[in-house]
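What follows is one structure encoded as structure tokens, with my remarks underneath.
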Amino acid sequence: MPHISILALLLSLGALAHAEKPCTQPDLHAPAQRAKALQSQLLAAKVANQGTDDSVPLSLQLEIHALKDTLAALATVALECAPANTGSAALQTTLATALNLDKQQRLETTETSTEEADHIYGADLTVKVTRPTTLPILLIEFRFGIACGTDSLLLAYEYRHVHWLSAARWQSPDYDQVSGAFGDFFDYLILQPQGAPKPEETPPWFLAIAHGRPWCTSNMSAFHLDVLQPSEFQLAQHPVYHESAVYIRTTSPTFSPNPDGFELRLTANSLDASIAAHTAIYRYRVTPGSPEVSPVERIQPIADNGRDFVDEWLQAPWGEAKKWAAPEGLPSLEPIHKRIEALHDPAIKDFPVFEYGPVRPCADATTHYQVELRQASAGPAKPRPAPPTFFQIEEGKNAFTMLSASTQPNPHCTGADIMTAH
């Protein structure tokens, strides 16, 4: 049937002609000028009580939102005609030139203002473009200053159907407090989990993002960790995994990939106020799975030593903590864990004063240790000492297991305190 072959040929030629139609080089001037105008408005804002007031005026909230929208539009326009082999350095230069960022940085370096309220919001606008994997993915991060910190916008683009298509947009909701920004630290990784599909299919990937929250008056804040899957509908995008906890801002967190996922290390508070801080480890395994099962699972290690393991175990949700405990010990461990977990309720006025006692090796096994936790009082206003709790833990390869807990010490655990110097 020749007419069918001719029709197919005509359709193929039409598709080929469309595909080869030259793309008109986009004009970046309009979105760049709009972004620079919004940045100038932010820079001109006068904000009282710089460094002591965490509130963000409504006018600045609207301008921050508009600046993010305009920067995202600028990035999309810049990629309209970009080829599949677009390099991160070339695109970063294109965006920085359009925004005159080199000139701005030179001005900000030489400029000194005597007015405290000047140049709080919108300063130090930067763009960073990375192409972190063998996949056709570009990540574009815009960052700018706000009072007492920074705010970041992250855009992900994937080359599909001979175009760079938006695959993710991650930014804070509008905020009326500085702590609502995605800043303080802001790190991200592209993950290709094990168990990838057949070669002819597009490999799955996830975007893991960890960030802090700026704060003007405290060295403590909350961090957030989110894992996203690519989506063309960024406004409705929801993470497939979310974690949030308190951290101490005096040291820089580290965020790195590992063979089966990723890891975030940061400084966290101890239940014992006399212990200044310890390293908390958030390590995750990422595996593609069904929509009903989260592809992200927190795994060990969660701490560097036995005492910190007990501390992190007690502060982790029970759903996670029970995975790191011996099944036979769960009946004794669950009520203790839930009692301490309940004390983290913000409504609790008199939080107990906890204090760690000795960490002793045990004679029955070289991997067995006992960690003592004392409750010195029920709270500052209600002195009511409670008997200590003795946690039995087992050290394994790069991990610990919670064995049991009791108000009585284990008779096998009489060795010298191995944490005296810590």
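The values are calculated or read from the model by the stated rules, or taken from the named source; none is laboratory data. Computed from a predicted structure; not experimentally measured. Glycine also receives a Cβ, built like all others from the backbone with ideal geometry; neighbour counts cover every protein chain displayed.
Residues that are among the small types (Gly, Ala, Ser) and under 13 Å from MET402 (Cα atoms) do not occur anywhere in segment 337-344. Looking at (1) free of Cβ contacts under 8 Å to residues at least 60 places away in the same chain; (2) more than 18 Å from LEU403 (Cα to Cα), find the lone condition where GLU355 falls short. Against the list (1) free of Cβ contacts under 8 Å to residues at least 60 places away in the same chain; (2) more than 18 Å from LEU403 (Cα to Cα), GLU355 comes up short only on (1). For segment 56-78, the count of residues that are modelled with pLDDT under 95, surrounded by 16 or more Cβ atoms within 10 Å (Cβ to Cβ) and assigned to a loop (DSSP other than H, G, I, E, B) is at least one. Filtered by the rule that a residue be within 12 Å of ALA273 (Cα to Cα), surrounded by 18 or more Cβ atoms within 10 Å (Cβ to Cβ) and hydrophobic (A, V, I, L, M, F, W, C), segment 351-378 gives VAL353, PHE354. From the list ALA268, ALA316, the one residue that fits, being out of contact with any Cys (no Cβ under 9 Å at 6 or more places or on another chain), free of Cβ contacts under 8 Å to residues at least 40 places away in the same chain and either surrounded by 14 or more Cβ atoms within 10 Å (Cβ to Cβ) or of a type in the set (Gly, Ala, Ser) (or both), is ALA316.
Here ARG339 fulfils each of the conditions (1) modelled with pLDDT of 90 or more; (2) charged (D, E, K, R); (3) assigned to a helix (DSSP H, G or I) apart from (1).
Scanning segment 206-231 for residues that are surrounded by fewer than 21 Cβ atoms within 10 Å (Cβ to Cβ) and either outside the structural domain of ALA277 (by TED's automatic domain parsing) or farther than 16 Å from LEU154 by Cβ (or both) yields a count of 8.
A single entry from THR287, THR279, THR250 fulfils the requirement of being touching a residue at least 24 places away in the same chain (Cβ under 8 Å) and more than 22 Å from ASN305 (Cβ to Cβ): THR287. For ARG298, the requirement of being basic (Lys, Arg), surrounded by 17 or more Cβ atoms within 10 Å (Cβ to Cβ) and more than 28 Å from PRO387 (Cβ to Cβ) is met. Return yes or no: is HIS344 surrounded by fewer than 18 Cβ atoms within 10 Å (Cβ to Cβ) and not aliphatic (A, V, I, L, M)? So HIS344 passes the test. Among the residues making up segment 133-142, those that are surrounded by fewer than 20 Cβ atoms within 10 Å (Cβ to Cβ) and within 17 Å of ALA82 (Cβ to Cβ) are LEU135, PRO136. Total residues in segment 254-265 satisfying the condition of being crowded, with 17+ Cβ neighbours inside 10 Å and of a type in the set (Gly, Ala, Ser): the figure is 1. Among the candidates ALA35, ALA45, the residue that is within 15 Å of ASP151 (Cβ to Cβ) and modelled with pLDDT under 95 is uniquely ALA45. When PRO26, PRO22 are screened for being at pLDDT below 75 and either more than 31 Å from the chain's Cα centre (by Cα) or not assigned by TED's automatic domain parsing to the domain that holds LEU155 (or both), only PRO22 passes.
One residue stands out among those in segment 143-154 that are closer than 16 Å to LEU207 by Cβ and not polar (S, T, N, Q): the one that is surrounded by the most Cβ atoms within 10 Å (Cβ to Cβ), which is LEU153.
Suppose we filter segment 239-282 for residues that are among the hydroxyl-bearing types (Ser, Thr, Tyr) and more than 20 Å from GLU341 (Cβ to Cβ); how many remain? Residues in segment 239-282 being among the hydroxyl-bearing types (Ser, Thr, Tyr) and more than 20 Å from GLU341 (Cβ to Cβ): 9 in total. The residues in segment 181-212 that are of a type outside the set (Phe, Trp, Tyr), modelled with pLDDT under 95 and not in a strand (DSSP E or B) can be counted, and the count is 13. So which residues in segment 364-401 are at pLDDT 90 or above, under 17 Å from ARG339 (Cα atoms) and of a type outside the set (D, E, K, R), if there are any at all? Selection gives LEU373, PRO388, THR389, PHE390, PHE391.
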